[in-house]
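Novice: The structure's right below; bear with me while I get my questions together.
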Amino acid sequence: MPELFIGGTWVTAADGRTREIRCPADGTLVATVDEAGPQDAAAAVAAAREAFDDGPWPATPVAERGRLLVRVADLLERDKAAFARAESLDTGKRLVESEYDMDDIAACFRYFGNLTASGGTDRIIATGNPEADSRVVHEPVGVCALITPWNYPLLQTAWKVAPALGAGNTFVLKPSELTPHTAILLMRLLTEAGLPSGAANLILGTGAEAGAPLTEDPRVDLVSFTGGLATGRRIMAAAAPTVKKVALELGGKNPNIVFADADFEAAVDHALMAVFLHSGQVCSAGARLLVEDSLHDAFVDEIVTRARAIPMGGPFDESARTGPLISAAHRDKVEAYVAAGLAEGAVLRCGGARPKDPELAHGYYYPPTVLDDCTPGMSVVRDESFGPVLTVERFRGEAEAVALANDTEYGLAGAVWSQDTGRAHRVASRLRAGTVWINDFHPYVPQAEWGGMKQSGFGRELGPAGLAEYQETKHIWRNLAPKAQRWFE
Ligand code: NAD
């Protein structure tokens, strides 16, 4: 069956190209899928444009649009096992983690369904003039290009698709070329839920061939992108000539600040989860551990002991607690960052070399790695390695902790651990990041906005602002008793 979904029809790529999708855990072939090029991108934009300009979706009442999103949530729950399996095969992620993701994705559709149905935020303005009335209304932006990464393929897609549809837009989705399968399944569910033809379109393919044409096309009104910083810069530039709205969810190099008075056991446990979850391939990973000098030795010793014991394995290995990296090229990149860190004076405390276990030989595994004695200038501290690599820096006192934490071009997330509530709040308020956790790491809820400061991007996903991202604001003034003004007489 063809895998591009354009104007309500499943089609193959115009030039017949395909791509093999292989599971990163063992290199086995998952499937061969159609690979779109510029011609397919143009066709998908044309379909989305027509569906927006002449189709029923933008004018569908909000209650009905909301109901459809809730139906999608129900269908996702029904098909959770198939979705989770597909996600794990594409990403190599543990099945149980994909299952958690599917729960979060259903919750996201349910949240935006209810928010949409609740009627929105249109306002009647008191003009002070009995002969005029005035309203501020919110309308869909138009045709949205939604471009998503491989680390949380369907979750990042849901954060865009649900509010885009809730607000009444039509879209072209371009998932990562490495992880297409749950996007394909989602298109089928949207159709089953009753979404009109052309409102949702899917093209699979590379950034250069399938993604870039979307960002340049004058018929596209908004580009919502989640991915790396370098790509985000390119997309912003590509969108500039046609002044599209742009929302960018980019990377992070997130600080996890641990004061000496933190709950030791909880802070160690969460510090491991913060950085090694999904092999560090998490935009909000707590990859920079900043630990108070007096706690440093005991804390890092414990982290190292536990990191060494984390079992690696494929998605269906129930004894595994972490999986492979997404590709050989990505593992090379992570290795290069570790090598650079060591060359710049970091001390390797654990990990740092590919596993020797023959069972893991065909996957892209890299072990949990801890680099101690790091300094702010090292590339492994500054750049997003996006792998299971923890860098450790020491600080003395609150001011130095905040200065080190903010010494980054990114501003996505961060955490502070302290049993001194006043201090925890003071530090949280000074961190330049879109999300800050106090005595925790990673939790999020669909009701709360997610996004970055500084070069982690702009715009917000989730929460009411996540819906507003996909809306235009319009002021409608009505003169109830029009009469000539004779201004020029
Ligand atoms: P990436 O930037 O390489 O690719 C992301 C998407 O953009 C893919 O679909 C890719 O094909 C497409 N793309 C690439 N070049 C393009 C171009 N010129 N024009 C249009 N599209 C193009 O990122 P990745 O490696 O897939 O994902 C990892 C990155 O995503 C990390 O930096 C991570 O921090 C970030 N991320 C951020 C968040 C967040 O919420 N801020 C969430 C998840 C991932």
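Novice: Using every pair of alpha-carbon atoms in the stretch 175-323, split the distances into 5 Å bins beginning at 0 and state the percent of pairs per bin, rounded to integers.
Specialist: Going out from 0 Å in 5 Å bins, the stretch 175-323 shows 2, 8, 12, 13, 13, 12, 11, 10, 9, 7, 3, 1, 0 percent.
Novice: Rounded, prolate or oblate for the stretch 2-73? Axes are the square roots of the Cα gyration tensor eigenvalues, ordered a ≥ b ≥ c, and the cut-off for rounded is a/c under 1.5.
Specialist: oblate
Novice: Find how many whole Å separate the alpha carbon centroid of the stretch 403-463 from the alpha carbon centroid of the stretch 12-33.
Specialist: Measuring centre to centre over Cα atoms gives 38 Å.
Novice: Kyte-Doolittle mean at least -0.5 and Cα extent at least 27 Å along the axis: which DSSP H helices of the chain qualify?
Specialist: 95-117
Novice: Then there's this: Work the Kirkwood hydrodynamic radius out for the stretch 55-205: mean of 1/r over every pair of different alpha-carbon atoms, inverted, in Å.
Specialist: 16.2 Å
Novice: What number, in nm² with one decimal, is the all-direction average of the projected area of the convex hull of the alpha-carbon atoms of the stretch 272-365?
Specialist: 6.8 nm²
Novice: In a solvent-free Debye calculation with one equal scatterer on each Cα, what is log10 I(q)/I(0) for the chain at q = 0.06, 0.07 Å⁻¹, listed in the order of the q values?
Specialist: -0.29, -0.40
Novice: Something else: Show that you can apply the helix-only estimate: for the chain, add -39,500 (n - 2.57) for every DSSP H stretch of four or more residues, divide by all residues, and state [θ] at 222 nm to the nearest 500.
Specialist: Dividing the helical sum by the residues of the chain leaves -11500 deg cm²/dmol.
Novice: Have a look at the stretch 127-187 and give its Rg and Dmax from the Cα atoms, expressed in angstrom.
Specialist: 17.7, 60
Novice: Using alpha carbon centroids, what distance separates the stretch 282-357 and the stretch 146-209, in Å?
Specialist: 32 Å
Novice: Ignoring ligands, DNA and RNA, what percent of the 1.4 Å accessible area of the stretch 112-198 is carbon and sulfur?
Specialist: Carbon and sulfur atoms account for 51 percent of the accessible area of the stretch 112-198.
Novice: So what is Rg over Rh here for the stretch 161-221, counting just Cα atoms and using Kirkwood for Rh?
Specialist: Over the Cα atoms of the stretch 161-221, Rg/Rh equals 0.97.
Novice: Working from the alpha-carbon coordinates of the stretch 324-366, get Rg over Rh, Rh being the Kirkwood radius.
Specialist: Across the stretch 324-366, the Cα-based Rg/Rh ratio is 1.01.
Novice: What is the Cα centroid distance between the stretch 63-127 and the stretch 35-62, reported in whole angstrom?
Specialist: Centre-to-centre (Cα) distance: 21 Å.
Novice: On a 30 Å Cα-Cα criterion, which of the cross-link pairs LYS93/LYS174; LYS160/LYS454; LYS174/LYS356; LYS253/LYS474 come out too long?
Specialist: Pairs exceeding the cut-off: LYS174/LYS356; LYS253/LYS474.
Novice: Where the accessible area of the stretch 359-446 is counted over protein heavy atoms with a 1.4 Å probe, how much of it, in %, is carbon and sulfur?
Specialist: 47 percent
Novice: Now a separate question. If you count only protein heavy atoms with a 1.4 Å probe, what accessible area per residue comes out for the chain, rounded to a whole Å²?
Specialist: Accessible area per residue, the chain: 40 Å².
Novice: Shifting gears a bit: Restricting things to alpha carbons, find the Rg to Rh ratio for the stretch 370-489 using the Kirkwood radius for Rh.
Specialist: That ratio equals 1.27.
The values are calculated or read from the model by the stated rules, or taken from the named source; none is laboratory data. A quick note: this is a predicted structure, and the numbers were derived from the prediction, not measured. With ligands, DNA and RNA removed, areas are computed over all heavy atoms of the protein, side chains included. Shrake-Rupley method; radii C 1.70, N 1.55, O 1.52, S 1.80 Å.
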